Structure formats: structure tokens, C-alpha cells
Amino acid sequence: MTRTLAEAGAEAAGCVRCALAGTRTQVVYGVGASDADLLFIGEAPGMHEDRQGEPFVGAAGQLLTRMLGEIGLTREDVYIANILKCRPPGNRDPLPGEIEACTPWLVEQISLIQPTVVVTLGNFATKFVLQTQRGITSMRGAVYPWHGRRVIPTFHPAAILHGGGEKSRQFADLREDFALIRTTLDRAAEVVVEGSQAPSADPDEQLELF
């Protein structure tokens, strides 16, 4: 019997699958609607996330919330998660063993939520999900088919803030990407209204995604 997202999150809260269990304040499993059509995937929790137990709560999270508002959505409408559920010390890059240990949690999240559109935030998440070596600058601005879903890569909000904020070219690109997210969601909804089968993946297949 398939468990609920809340049940999975409760188990994840006590995860000791890698050494990050010894340095974290708490597990940052994810937040949002359990049946969201739109799933955001980032890299790993930062300092603020580690303290509060929720992804994207700092300045980058505020920018993400703002961009959602521009396309008529709130954080409660979507689901937000990271590849790693625990903060790496000093915000260093995730290690291969940590990724391997944490991936099953993300796979289960995707299986339970069944999102129509997945947005990868930044280089790390994009390369991980789409299994590519291409950088985010060349990947963004397009929609990629992925196991019966659609993936839209875009810049990590933190990169926008560090790169000049609203005055940067990246911010304009980010806004374009969010417009693309809105259009993609609307088109997927039209398919359902017209009576066609909406793209979806078998939960069992998700176990082989990565």
C-alpha cells in the first residue's frame, strides 16, 4: 500500500543514511501541495532552511515566491523540494554518496505528488534530473520531455541575487522562464479538459528515474 507524502516526510525526519545526519539541525523534506501540478527542485538546504525546516525561506525563497505570484500562483499551490534534504556544512557542493543516499526520498516525492511540470533550479538540479553536462544558460528557455512529464530548467534564485538582481539579464531570463511555466501548465490543463490523457508516469517507473 502506498503511503502518504506526510508519512514519507515523517520517516525522512529521522534519516541517518549519510553523515549529514550528524551536522544538520533538521531535515528539510519539502513543502507545498501534496497533489501539486508544479514541482520545484533545488540543490540543498541553506542555513535558513536548516534552521526553519522549510526549503527556500531566505532571500532566494522570497524571490521564488514573488515569481510565483507573477504567474498567479502561491507557494501553497506548488511543491518545493531539494535533491538533498540536509544542509551540507558550509553550503558546500553535495558529495556523490550524499546524493545517492538522498535520491530515494526525491524519487518517492515525485511518485507521490505526480507533478505535470518539474522546474529545476540552477545548474546542479538541472544536470542531475536531466542527466546532462550542459550548463543552465544553454538549457533554460525550453521544455524537455522526461518520463511522461515536462521539465523546465531555470536559474537558481540565489544566482540571480548574487548576479545583480533585477538589473541583470538573468532576471529577465528568469521572468521569461516563469512565463513559460505558466504556458506549459495551461496547455497541460487544456489537454485534460479536452478529455485526452494527461502525461503521467507510473509510480513504479519512478524508481528507475535516476
Charges only on Cβ, +1 for Lys and Arg, -1 for Asp and Glu: so what's the dipole of the range 74-184 about the Cα centre, in debye to the nearest 20? 220
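When the convex hull of the Cα atoms of the range 104-184 is projected onto a plane and the area is averaged over all directions, what value comes out in nm²?
On the way: hull surface 22.1 nm².
Seen from a random direction, the Cα hull of the range 104-184 projects 5.5 nm² on average.
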Pull out the extension gain between Val191 and Asn91, defined as 0.36 nm times the separation in residues minus the alpha carbon to alpha carbon distance; nm, one decimal. 31.9 nm
Heavy atoms only, probe 1.4 angstrom, no DNA, RNA or ligands counted: give me Asp35, Asp77 ranked by accessible area, highest first. Asp35, Asp77
Using the per-residue mean of other Cβ atoms lying within 10 Å as a proxy for protection, in what order, highest first, do the peptides 79-86, 168-175 fall? 79-86, 168-175
Give me the one-decimal Kirkwood hydrodynamic radius in Å for the chain, with the sum taken over alpha-carbon pairs. 17.3
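Can you bin the range 104-146 into rounded, prolate or oblate? Criterion: square roots of the alpha carbon gyration tensor eigenvalues sorted a ≥ b ≥ c, rounded for a/c under 1.5, prolate for a/b above b/c, oblate for the rest.
Working: a/c = 2.62, a/b = 1.70, b/c = 1.54.
The shape class here is prolate.
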Residues whose placed amide H lies under 5 Å from that of Val151, excluding near-sequence neighbours: Val118, Tyr144, Trp146
Computed over the chain, the relative contact order (Cα-Cα under 8 Å, seq sep at least six) in percent reads 22
With every protein chain left in place, what is the accessible area per residue of the range 82-126 in square angstrom, probe 1.4 Å? 31
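On alpha carbon coordinates alone, what is the Rg over Rh value for the range 54-120, Rh being the Kirkwood radius?
On the way: Rg = 13.5 Å, Rh = 13.6 Å.
Checking Rg against Rh, the ratio lands at 1.00.
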Area accessible to solvent at Glu176, 1.4 Å probe radius, in Å²: 100
Rg and Dmax [Cα atoms of the range 3-67; Å; Rg one decimal, Dmax integer]: 12.6, 35
With Rh as the Kirkwood radius over Cα pairs, the range 9-125 has Rg/Rh of 0.94
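Where only protein heavy atoms count, and the probe is 1.4 Å, what is the accessible area per residue for the range 1-74 in Å²? Numbers along the way, then the final one.
Details: 3600 Å² over 74 residues.
Heavy-atom SASA per residue in the range 1-74 reads 49 Å².
Roll a 1.4 angstrom probe over the protein heavy atoms and tell me the percent of accessible area of the chain that is carbon or sulfur.
Working: 5120 of 9970 Å².
Of all accessible area on the chain, carbon and sulfur atoms account for 51 percent.
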With charges only on Cβ, +1 for K and R and -1 for D and E, what is the dipole size of the range 1-128 about its Cα centre, in debye, rounded to 20? 340
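When ranked by the protection proxy of mean other Cβ atoms within 10 Å per residue, highest first, what sequence do the peptides 43-52, 91-100, 179-188 form?
43-52, 179-188, 91-100
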Are there any helices in the chain, counted as whole DSSP H runs, that stretch 30 Å or more along their axis by Cα and score at least 0.0 on average by Kyte-Doolittle, and if so which? 169-193
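The values are calculated or read from the model by the stated rules, or taken from the named source; none is laboratory data. This is a predicted model, so every value here is computed, not measured. Note that we place each Cβ from the backbone using ideal geometry, even for glycine, and neighbour counts take in every protein chain shown. Please note that ligands, DNA and RNA were not included when accessible areas were found on the heavy atoms of the full protein model with its side chains. Shrake-Rupley method; radii C 1.70, N 1.55, O 1.52, S 1.80 Å.
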